[in-house]
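Down below is the structure, laid out as structure tokens.
Just so you know, all these numbers are worked out from the coordinates, no wet-lab data involved. These numbers were taken from a predicted model, which means no experiment stands behind them. Backbone-built Cβ (ideal geometry, glycine too); neighbour counts: all protein chains shown.
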Amino acid sequence: MNIRRHFPAFAAQPGLRFLDNAATAQVPEIVLDAMRRHDAQGRGNVARGQHRLAERADRAYDEARHAAARFLSAAPAEIVFTSGTTAAINLLARALPLAEGDEIVASVSEHHANLVPWRMRGARLRLLPITGEGRLDLSRLDEWITPRCRLVALTHASNVTGALTDVATVVEAARAVGAPVLLDGAQAAPHGPRDVSALGVDFYAFSGHKCFGPTGIGVLWGRAEQMERLPPAWGGGGMVRRVTTDAADWAPPPRRFEAGTPPITQAIGLGVALDWMGTLDWPAITRHEAALTARLRDGLGAMKGVRLLGPSDVPIVSFTIRGIHPHDLCQVLDGLGLALRGGHFCAQPLLAALGAETATRASLALYNDQDDVEALLAGIAEARRVLA
Amino acid sequence: MTGPAALYDQAIKALARAGTGAGRLEHPTARGFADNPFCGDRIDLDLEITGGRITALAHRTRGCLLCEAAASAMAGMVVGATPTEALAAAEAMTALLRGAAETPAALAPFTPVAAHRNRHDCVLLPFQALRAAL
């Protein structure tokens, strides 16, 4: 599976072993070509003009929306383009009507993007704990998801532990009290198309740049009947039907939630990336990623002073090494061509729950291979020597 | 020397291991705190200022090796100094990271850090706590 040849970053930087895919992924030439072509030959604004470039842009933007819908097995009208997962969750946090006493159930496993917006909104936030294994503790879900629950907002896959949420159990509990469910899919979407109907959730958010697309674009999917009930989060052009000096009528979803000129070029790039992902053999890729993850976990687990954080259901392996700060480790690894991340990964409550101040994270994608993993394991041994 | 070998040479590691000033003062005259929200590094700093000079310093530093080394270097530089001289030491670290030609000898081991923008905050953190205390 020589998938790496699709990504110019690897040819441009020989020796690069990119293991920070949970932060952002590399971009295939097909996506770069599509964006370049649009900006060079097809640039017009959308939903605003009658000339041929405007029509071309409209078609391309609509096609991108259809591509995102295919990726999620959803309807195009349920796809809202945002600037990323954070913006998608912020949109919902701003738009969701909340009454006195309403609760949002999230978890300590969340990325700050799925905690801070709710705090800013002033919502009563209840956080599910984690188990000793680093998974969401769903053992007493009925005590957490009560009739006061206005929304269950959970990570689909943790950006630290790689733990996949048991979505079916969460959906069942939420349905019992009539609460909708939002999944933060930022770390799940890069590992294959998702079927939001099969998941049974009501909202799904993910980022383009982690799915081999450009930065500045993401998706909020919302079940049609949910989106219809939401007011806009931001106001401006494109999201209204009629404006007078006294009043404004909102456009229907998804345009209702896309005020102003959208990130057209980026959406086109994302559409191409998602359709490209749709052509791949995901069962084979999943087996490949799982094998690499297992080897990495085994190798790390055999090292003295290493503690693995979480189960790595998706190929995210976070760990600590006694006596070595992640920043120092990642700095030395960078000198060896290995790109990893050290810190708290915008998940400070989760790190605290895991009993760690900071950690190092290796996050794999479809273009990583056995050599990358072996180089990382060897690199850690070298780093220990340098830092001793 | 370039790359990690330069960044983590013996001088830097020795500073970090020395942990000059690590601890706490029972009755500090001034306190300072600084943290880096991006990585979780933090430093609590106690100063005793008597007769217009910093007569004692203690710090609790939780951070990377570079941060610990910087805290150790800072402690060695500012005990005995006036607050003005101590702030000059803080400025000297900032200037070093900007590529200043002349650097106090105590900060010379940090010269390779200048090339790594993402590590500047690591070595500036102790001096931010110092500024906060003064």
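Each stretch of four or more DSSP H residues adds -39500 (n - 2.57); spread over every residue of chain A, this sum gives -11500 deg cm²/dmol at 222 nm. The Cα center of segment A:218-233 and the Cα center of segment A:111-167 differ in position by 20 Å.
Sites count as exposed loop sites when they are GluC sites (Glu not before Pro), lie in a DSSP loop, and have at most 15 other Cβ atoms within 10 angstrom; the longest stretch of chain A without one is A:134-388. Helical content of chain B, expressed as a calculated mean residue ellipticity at 222 nm, amounts to -13000 deg cm²/dmol (DSSP H runs of 4 or more residues, -39,500 (n - 2.57) each, divided by residue number, nearest 500).
The A:Ala284 and A:Asp249 beta-carbon pair, evaluated with R₀ = 45 Å, returns a calculated FRET efficiency of approximately 0.35. Loop-located trypsin sites (Lys or Arg not before Pro) across segment A:280-362 with a Cβ neighbour count of 11 or fewer within 10 Å are A:Lys304, A:Arg322, with loop assigned by DSSP.
For segment A:249-388, the relative contact order is 22 percent, taking Cα pairs closer than 8 Å that sit 6 or more residues apart in sequence and dividing their mean separation by the residue count.
Once R0 is set to 45 Å, what does the formula 1/(1 + (r/R0)^6) return for the Cβ-Cβ distance between A:Ala294 and A:Asn45, expressed as a FRET efficiency to the nearest 0.05? E between A:Ala294 and A:Asn45, to the nearest 0.05, is 0.40. Relative contact order, whole percent, for chain A stands at 22, derived from Cα pairs under 8 Å and 6 or more residues apart. Among A:Cys211, A:Cys149, A:Cys346, the largest mean-square fluctuation in a Gaussian network model of chain A (Cα springs under 10 Å) belongs to A:Cys346.
Note: relative contact order over chain B, using C-alpha pairs below 8 Å and six or more positions apart, is 30 percent. Length, then width, then depth: along the principal axes, the Cα atoms of the protein assembly as shown run 73, 55, 52 Å.
Size descriptors for segment A:124-165 (Cα atoms only): Rg and Dmax, in that order, 11.0, 31 Å.
Considered as an equivalent ellipsoid built on the Cα gyration tensor, segment B:34-134 has semi-axes of 21, 17, 10 Å, the largest given first. With a 10 Å cut-off around each Cβ of B:33-41, the average count of Cβ atoms from other chains is 4. A convex hull fitted around the alpha carbon atoms of segment A:104-227 yields 111 Å³ per residue. For the pair A:Arg70 and A:Gln13 in one chain, pulling the backbone fully straight at 0.36 nm per residue adds 17.2 nm over the alpha carbon distance. Distance distribution note for segment A:43-150: the fraction of Cα pairs above 22 angstrom is 53%.
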